[in-house]
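The values are calculated or read from the model by the stated rules, or taken from the named source; none is laboratory data. Everything numeric in this text was worked out from a predicted model, so none of it was measured. All Cβ positions, even for glycine, are placed from backbone atoms using ideal geometry, and neighbour counts span all protein chains on display. Quick note on the areas: whole protein, heavy atoms, side chains included, nothing else; ligands and nucleic acids left out. Shrake-Rupley method; radii C 1.70, N 1.55, O 1.52, S 1.80 Å.
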Amino acid sequence: IPPESAPITGFRIAIASIALMCLADAASAQTRPGLPLVQQAITDTARARVDYAFQIEHVFGGESFRALFAPGGQPRVRLIAPASRDGLSEQLRTDFDYIAQHTEGVPWCANEMLAHIRDVRLVREDAAVAVYSFQPTAQSVTGEQTRQVVNRLRGEITIDKARRDVTHLRLFAPRPFRPYPIARVDVYTITTACALAPNGRYYVSEQTRQVRSNAFGRSFNIDVVRRNRVLASPQ
(Lines give C-alpha, C1' and ligand atoms only; values in the text may rest on other atoms or scores of the structure.)
Protein backbone atom coordinates (compact mmCIF):
# COMPACT_ATOMS: atom_id res chain seq x y z
CA ILE A 1 0.00 0.00 0.00
CA PRO A 2 1.29 3.43 -0.73
CA PRO A 3 3.02 5.62 1.87
CA GLU A 4 0.42 7.15 4.14
CA SER A 5 2.30 9.53 6.35
CA ALA A 6 5.59 11.24 7.03
CA PRO A 7 7.78 10.70 10.08
CA ILE A 8 6.59 12.67 13.11
CA THR A 9 8.32 16.01 13.54
CA GLY A 10 10.26 16.82 16.69
CA PHE A 11 10.75 14.20 19.42
CA ARG A 12 7.71 12.05 19.86
CA ILE A 13 9.85 8.97 20.43
CA ALA A 14 11.92 7.35 17.75
CA ILE A 15 9.53 4.44 17.46
CA ALA A 16 6.76 6.79 16.38
CA SER A 17 8.42 7.22 13.04
CA ILE A 18 8.44 3.46 12.65
CA ALA A 19 4.68 3.41 12.98
CA LEU A 20 4.16 6.23 10.51
CA MET A 21 6.50 4.78 7.92
CA CYS A 22 4.97 1.35 8.09
CA LEU A 23 1.47 2.24 6.99
CA ALA A 24 2.10 1.13 3.51
CA ASP A 25 3.63 -2.02 4.88
CA ALA A 26 0.68 -4.27 5.62
CA ALA A 27 -1.34 -3.50 2.56
CA SER A 28 1.67 -3.55 0.34
CA ALA A 29 2.74 -7.23 0.36
CA GLN A 30 2.46 -9.70 -2.53
CA THR A 31 2.59 -13.45 -2.49
CA ARG A 32 4.66 -16.55 -3.05
CA PRO A 33 3.52 -19.45 -5.26
CA GLY A 34 2.05 -21.04 -2.13
CA LEU A 35 -0.74 -18.48 -2.10
CA PRO A 36 -2.37 -18.61 -5.55
CA LEU A 37 -5.47 -16.69 -4.46
CA VAL A 38 -3.40 -13.64 -3.58
CA GLN A 39 -1.34 -13.89 -6.76
CA GLN A 40 -4.54 -14.02 -8.78
CA ALA A 41 -5.86 -10.99 -6.91
CA ILE A 42 -2.73 -9.03 -7.79
CA THR A 43 -2.95 -10.01 -11.45
CA ASP A 44 -6.66 -9.24 -11.73
CA THR A 45 -6.29 -5.86 -10.01
CA ALA A 46 -3.39 -4.87 -12.28
CA ARG A 47 -5.52 -5.65 -15.33
CA ALA A 48 -8.52 -3.71 -14.04
CA ARG A 49 -6.77 -0.60 -12.74
CA VAL A 50 -8.37 2.76 -13.45
CA ASP A 51 -6.93 6.19 -12.69
CA TYR A 52 -9.78 7.35 -10.45
CA ALA A 53 -9.81 10.58 -8.56
CA PHE A 54 -10.28 10.07 -4.84
CA GLN A 55 -10.67 12.02 -1.64
CA ILE A 56 -8.28 11.60 1.29
CA GLU A 57 -9.01 12.25 4.95
CA HIS A 58 -6.00 12.12 7.27
CA VAL A 59 -6.42 12.20 11.06
CA PHE A 60 -3.55 12.41 13.54
CA GLY A 61 -3.82 13.19 17.23
CA GLY A 62 -7.31 14.64 16.95
CA GLU A 63 -6.36 16.94 14.04
CA SER A 64 -7.25 16.30 10.43
CA PHE A 65 -7.21 17.50 6.84
CA ARG A 66 -9.00 16.53 3.64
CA ALA A 67 -7.44 16.49 0.20
CA LEU A 68 -8.31 15.50 -3.37
CA PHE A 69 -6.15 13.38 -5.65
CA ALA A 70 -6.82 14.00 -9.36
CA PRO A 71 -4.61 12.11 -11.85
CA GLY A 72 -4.69 14.98 -14.34
CA GLY A 73 -4.56 17.76 -11.78
CA GLN A 74 -1.81 20.30 -11.25
CA PRO A 75 -0.97 19.57 -8.53
CA ARG A 76 -2.36 16.05 -8.40
CA VAL A 77 -3.00 16.31 -4.63
CA ARG A 78 -4.86 19.44 -3.57
CA LEU A 79 -5.80 20.45 -0.03
CA ILE A 80 -9.56 20.87 0.46
CA ALA A 81 -9.99 21.53 4.18
CA PRO A 82 -8.47 23.62 5.51
CA ALA A 83 -8.09 25.65 2.36
CA SER A 84 -4.33 26.14 2.72
CA ARG A 85 -1.30 24.67 4.47
CA ASP A 86 -1.29 27.70 6.80
CA GLY A 87 -4.29 26.17 8.56
CA LEU A 88 -2.40 22.97 9.40
CA SER A 89 -0.26 22.20 12.41
CA GLU A 90 3.42 21.52 11.82
CA GLN A 91 2.87 17.76 11.97
CA LEU A 92 -0.09 17.81 9.57
CA ARG A 93 1.84 20.02 7.13
CA THR A 94 4.59 17.41 7.16
CA ASP A 95 2.07 14.62 6.63
CA PHE A 96 0.28 16.45 3.81
CA ASP A 97 3.53 17.23 2.00
CA TYR A 98 4.57 13.59 2.29
CA ILE A 99 1.25 12.33 0.95
CA ALA A 100 1.29 14.87 -1.88
CA GLN A 101 4.78 13.79 -2.90
CA HIS A 102 4.30 10.03 -2.70
CA THR A 103 0.69 9.37 -3.75
CA GLU A 104 0.63 8.13 -7.33
CA GLY A 105 -2.91 6.80 -7.57
CA VAL A 106 -5.62 4.76 -5.90
CA PRO A 107 -4.15 2.49 -3.19
CA TRP A 108 -5.35 -0.95 -4.33
CA CYS A 109 -5.51 -3.67 -1.69
CA ALA A 110 -3.99 -6.35 -3.95
CA ASN A 111 -0.73 -4.45 -4.24
CA GLU A 112 2.35 -5.75 -6.06
CA MET A 113 4.61 -5.53 -3.00
CA LEU A 114 2.89 -8.56 -1.46
CA ALA A 115 5.24 -10.79 -3.47
CA HIS A 116 7.90 -10.85 -0.78
CA ILE A 117 6.00 -12.12 2.25
CA ARG A 118 6.90 -15.61 3.49
CA ASP A 119 5.65 -18.41 5.75
CA VAL A 120 2.14 -18.05 4.36
CA ARG A 121 -0.28 -20.32 6.18
CA LEU A 122 -4.01 -20.84 5.98
CA VAL A 123 -5.62 -19.80 9.27
CA ARG A 124 -9.29 -20.36 8.47
CA GLU A 125 -11.70 -20.34 5.57
CA ASP A 126 -15.32 -20.76 4.63
CA ALA A 127 -17.28 -20.59 1.39
CA ALA A 128 -16.77 -16.82 1.13
CA VAL A 129 -13.28 -15.97 2.41
CA ALA A 130 -9.86 -17.41 3.20
CA VAL A 131 -7.61 -15.91 5.89
CA TYR A 132 -3.84 -16.42 5.80
CA SER A 133 -1.11 -15.52 8.26
CA PHE A 134 2.30 -14.46 6.97
CA GLN A 135 5.70 -13.15 7.95
CA PRO A 136 6.54 -9.75 6.44
CA THR A 137 10.10 -9.30 5.19
CA ALA A 138 12.42 -6.38 4.61
CA GLN A 139 11.50 -6.56 0.91
CA SER A 140 7.76 -6.32 1.63
CA VAL A 141 7.88 -3.16 3.75
CA THR A 142 9.01 0.43 3.25
CA GLY A 143 11.23 2.54 5.48
CA GLU A 144 14.61 1.65 6.94
CA GLN A 145 13.35 1.73 10.54
CA THR A 146 10.51 -0.63 9.69
CA ARG A 147 12.93 -3.02 8.04
CA GLN A 148 14.99 -3.06 11.23
CA VAL A 149 12.03 -4.40 13.25
CA VAL A 150 10.16 -6.36 10.57
CA ASN A 151 11.05 -9.69 12.16
CA ARG A 152 9.07 -8.60 15.23
CA LEU A 153 5.90 -8.22 13.18
CA ARG A 154 3.31 -10.63 11.81
CA GLY A 155 0.57 -10.24 9.24
CA GLU A 156 -2.88 -11.49 8.26
CA ILE A 157 -4.56 -11.19 4.89
CA THR A 158 -8.19 -11.93 3.97
CA ILE A 159 -9.21 -13.00 0.46
CA ASP A 160 -12.70 -12.73 -1.06
CA LYS A 161 -12.92 -16.04 -2.92
CA ALA A 162 -15.66 -15.03 -5.34
CA ARG A 163 -13.96 -11.82 -6.48
CA ARG A 164 -10.44 -13.22 -5.98
CA ASP A 165 -9.37 -10.05 -4.23
CA VAL A 166 -7.90 -8.79 -0.95
CA THR A 167 -10.46 -7.38 1.47
CA HIS A 168 -8.51 -6.89 4.69
CA LEU A 169 -4.91 -6.69 5.91
CA ARG A 170 -3.36 -6.46 9.35
CA LEU A 171 0.23 -5.99 10.45
CA PHE A 172 0.91 -6.32 14.18
CA ALA A 173 3.43 -7.10 16.88
CA PRO A 174 2.32 -10.30 18.63
CA ARG A 175 4.24 -9.31 21.78
CA PRO A 176 6.03 -6.23 23.19
CA PHE A 177 9.51 -5.54 21.86
CA ARG A 178 12.38 -3.07 22.15
CA PRO A 179 13.44 -1.47 18.83
CA TYR A 180 16.10 0.42 20.78
CA PRO A 181 17.43 -0.05 24.33
CA ILE A 182 15.62 3.13 25.43
CA ALA A 183 12.26 2.30 23.83
CA ARG A 184 9.67 -0.40 24.40
CA VAL A 185 6.70 -0.97 22.10
CA ASP A 186 3.72 -2.61 23.79
CA VAL A 187 1.16 -2.29 20.96
CA TYR A 188 1.88 -1.91 17.25
CA THR A 189 -1.06 -2.52 14.95
CA ILE A 190 -1.82 -1.38 11.40
CA THR A 191 -5.22 -2.38 10.04
CA THR A 192 -6.32 -1.94 6.42
CA ALA A 193 -9.97 -2.16 5.43
CA CYS A 194 -10.97 -2.34 1.76
CA ALA A 195 -14.00 -1.27 -0.27
CA LEU A 196 -15.10 -1.89 -3.85
CA ALA A 197 -14.22 0.68 -6.49
CA PRO A 198 -16.48 1.16 -9.54
CA ASN A 199 -14.23 -1.24 -11.50
CA GLY A 200 -15.12 -4.05 -9.09
CA ARG A 201 -11.69 -4.24 -7.40
CA TYR A 202 -10.95 -3.53 -3.73
CA TYR A 203 -9.05 -0.39 -2.75
CA VAL A 204 -7.82 0.83 0.65
CA SER A 205 -10.80 2.64 2.13
CA GLU A 206 -9.40 3.03 5.65
CA GLN A 207 -6.10 2.45 7.34
CA THR A 208 -5.60 2.80 11.09
CA ARG A 209 -2.36 2.73 13.05
CA GLN A 210 -2.11 2.35 16.80
CA VAL A 211 1.14 2.40 18.75
CA ARG A 212 1.53 2.26 22.51
CA SER A 213 5.14 2.69 23.59
CA ASN A 214 7.47 3.94 26.29
CA ALA A 215 10.81 5.72 26.17
CA PHE A 216 12.89 7.62 28.74
CA GLY A 217 10.28 6.69 31.35
CA ARG A 218 7.45 8.35 29.38
CA SER A 219 4.46 6.81 27.63
CA PHE A 220 3.61 7.69 24.04
CA ASN A 221 0.34 6.96 22.25
CA ILE A 222 0.01 7.26 18.49
CA ASP A 223 -3.30 6.99 16.64
CA VAL A 224 -3.40 7.71 12.92
CA VAL A 225 -6.31 7.17 10.53
CA ARG A 226 -6.39 7.65 6.78
CA ARG A 227 -9.62 7.26 4.82
CA ASN A 228 -9.92 7.21 1.04
CA ARG A 229 -13.08 7.51 -1.05
CA VAL A 230 -12.86 6.73 -4.75
CA LEU A 231 -14.93 9.03 -6.95
CA ALA A 232 -17.18 7.41 -9.55
CA SER A 233 -15.66 9.01 -12.63
CA PRO A 234 -11.99 8.78 -13.64
CA GLN A 235 -10.30 12.18 -14.09
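What does the charge count around Asn214 come to, taking other residues whose C-beta lies under 11 Å from its C-beta (Lys +1, Arg +1, Asp -1, Glu -1)? Within the 11 Å Cβ shell, the charges total +3.
With r defined as the distance between the Cβ atoms of Asn151 and Ala232 and R0 fixed at 41 Å, what FRET efficiency is calculated, to the nearest 0.05? In this case the efficiency is close to 0.45. Residues within the reach of a label modelled at Leu196 (point 7 angstrom out along Cα to beta-carbon, backbone nitrogen below 20 Å), restricted to the range 83-111, are 106-111.
Averaged over its residues, the range 40-81 has an accessible area of 48 Å² per residue, based on protein heavy atoms and a 1.4 Å probe. Treating r as the C-beta distance of Gln139 and Arg49 and R0 as 22 Å, the FRET efficiency rounds to 0.45.
The gain in end-to-end length when the His102 to Arg175 segment is fully stretched comes to 23.2 nm, 0.36 nm per residue minus the alpha carbon separation. Please report the orientation-averaged projected area of the range 50-180, defined via the convex hull of its C-alpha atoms, in nm². Mean projected area of the Cα convex hull: 10.5 nm². In this rough spin-label picture, where each label sits 7 Å from Cα along the Cβ direction, the Asp126-Phe216 distance is 4.9 nm.
Normalised per residue, the accessible area of the range 157-235 is 46 Å², obtained with a 1.4 Å probe and no contribution from ligands, DNA or RNA.
Site pair Val225 and Thr189 shows an inter-label distance of 1.4 nm when each label is modelled 7 Å from Cα along Cα→Cβ.
Each Lys or Arg adds one and each Asp or Glu subtracts one; over the other residues with Cβ under 11 Å from the Cβ of Arg164, this totals 0.
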